[in-house]
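Just so it is clear, none of the values below were taken in a lab; they were calculated from the coordinates. Every value quoted in this text rests on a predicted model; they were computed, and no experiment measured them. No Cβ is skipped: glycine too gets one built from the backbone with ideal geometry, and neighbour counts run over all protein chains shown.
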Amino acid sequence: MKRKWLILSIVCLIMMAMMTCYAAGFERITGIWDAVHLGALFTLVYAVTLILFTKMNRCSILQLIFVSLFVGLSMMARLTMLDYNSADYDSFLMQWVEQFRTGGFKMLGENVGDYNLLYQYILLLVSKSPLHDLYMIKYVTIVFDYALALAMMRAAGIFCSERARLPVFLILTVLPTTLLGGSFWGQCDSVYAFLVIMCLCDLKTVHPCRSAAFLSLAFAFKLQTIFIFPVVLLALIHKEYKIRHAAVFALVYLLTMVPALAAGRSFIDAISVYASQSIGQYYHRLTYNAPNLYIFFPMVEFASTYEYTWMRYIKGIEAEYTNPYLTKDLFPTIQTATLYACILLTLLVVIYWLRHKEEITPEMTLRFALFFAIFLPFVMPKIHDRYFYLADMLSILYAFRYKKRGYIPALVIGASFMSYMVFLTRQRPVDERVLALMMFAALLIVAHDLLSEMRNNRKVLQGGKMV
């Protein structure tokens, strides 16, 4: 054991030196001490990740060295992306941090940005950092990139097998959507995904209170957590959750509001962030680069722009003209209609599952979770490119649990990754309709697997044989 700690100490010192030297060349680093601080922060994440990995796994010296090098390379890859600032940072994040820097704690009483309160607390802390806010915003996400990798390793042991733990961990540290989403784009999807995965792990290891707390924190961080809510219904049916755990969920959610309430924010305003977030913006499209159903029905008014150039090949649409019937004034009505249609379709699907609840066993949790993580963002309007992030994670577990479905991550993550390119590079290397068809194919396959297992369970319940 002493040899392992010695190895960890040596590799951490080497990484500290390498990252400090590399950070010294960043355009937003003002002096050597800034580079040392940044290098130390990243080394801390690296060291904690390796320590937790060692505690969670019995590994040989050679395996530890290999993992240390692999994680170190993934860390260096993230470091190379820190100086990139996206349009999201320029248009939103930078301004929000500046508001917190100027107004301090009392700004939590205002509606700064369109994120929920937990992320606003993070932005407040970022505004107090001596390092550049772009680096610190990305640093928070990178911390959770590795927390998510460790959580996925734990989930692999629970949902798949012990042999799947190491490859799942390594894959997560270099997964393209994780790499680009955090250290390049500066988004925070790994935070809520980590919390959701921990929720599922605790649910399956019979820690329902802790599971409900993780679920509440995930929901308090990102509205996309609702994609996993049907699993909560399944857990209630099978008594993995009980009604009292709803009190845990509510209490934790209310606790997340305390700093904002202390800063003077009204309770109604604090609890209605998601309502204003989903209703009060994004009126001019049905999809925002997401590979879902609505990619086949974009706003034709954009047909003459680079974003929907493929539409020029549709008969009747010319590059220099726009469709006189689909106008910006009409689009809020179209969005509302599609939202109601989505709610109706989701209710029909959920009612179907409820009518056959005896055929859905707790062992089907992963199938159920992946189905809804793809289905809901696929049929919902106003979905963004990153909203299949949770499906990316669950598809990896799915492939390791069901060996014949090893291609599912290629469909799901491939479609997600290529949809990122639209915003990040302003290019469409693959026709968006192809990406939507890839996601639809994954949805159909998972639905087929789910229905097949339900049919087998029905036969068992009726005294027949499994097929």
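Things to note:
- Were the residues from D88 through M1 laid out at 0.36 nm apart, the gain over their Cα-Cα distance would be 26.8 nm.
- Sequence-distant contacts, meaning Cα pairs under 8 Å at least 6 residues apart, place the relative contact order of segment 1-90 at 34 percent.
- Modelled label reach - T80, point 7 Å along Cα→Cβ, segment 160-182 residues with backbone N closer than 13 Å: 180
- Residues K204, K55, K357 in ascending order of nearby Cβ atoms (within 10 Å, fewest first): K55, K357, K204.
- Given their separation in residues at 0.36 nm each and the Cα-Cα distance between them, I271 and F297 gain 6.0 nm when the chain is fully extended.
- Cα gyration tensor shape for segment 105-158, rounded if a/c is under 1.5, else prolate or oblate: oblate
- Net charge of Cβ neighbours under 9 Å - reference Y294; Lys, Arg +1; Asp, Glu -1: +2
- With an a/c value of 1.5 or above and a/b not larger than b/c for the gyration tensor axes a ≥ b ≥ c computed over the alpha-carbon atoms, segment 329-467 is described as oblate.
- For T30 and L451, the FRET efficiency from 1/(1 + (r/R0)^6), where r spans their Cβ atoms and R0 equals 56 Å, is about 0.40.
- A straight chain from H356 to L125 at 0.36 nm per residue would run longer than the Cα-Cα distance by 78.4 nm.
- When each of K242/K459; K2/K55; K404/K459 is checked by Cα-Cα distance, pairs over 19 Å: K242/K459; K404/K459
- Distance between modelled label sites at Y402 and E98, nm, 7 Å Cα→Cβ extension: 5.0 nm
- Cα gyration tensor shape for the chain, rounded if a/c is under 1.5, else prolate or oblate: rounded
- Each part gets one Cα centre, and for segment 91-136 versus segment 408-467 those centres are 37 Å apart.
- Computed helical MRE - 222 nm, the chain, DSSP H runs ≥ 4 contributing -39500 (n - 2.57), nearest 500: -21000 deg cm²/dmol
- Compactness of segment 1-99, expressed as Rg and Dmax over alpha-carbon positions, Å: 16.2, 50
- Placing unit charges on the Cβ atoms of the charged side chains and taking the dipole of the chain about its Cα centre, the candidate lying farthest along the positive direction among L366, W96, V191 is L366.
- Across segment 38-55, no residue has a backbone nitrogen under 12 Å from the label position 7 Å along the beta-carbon direction of L69.
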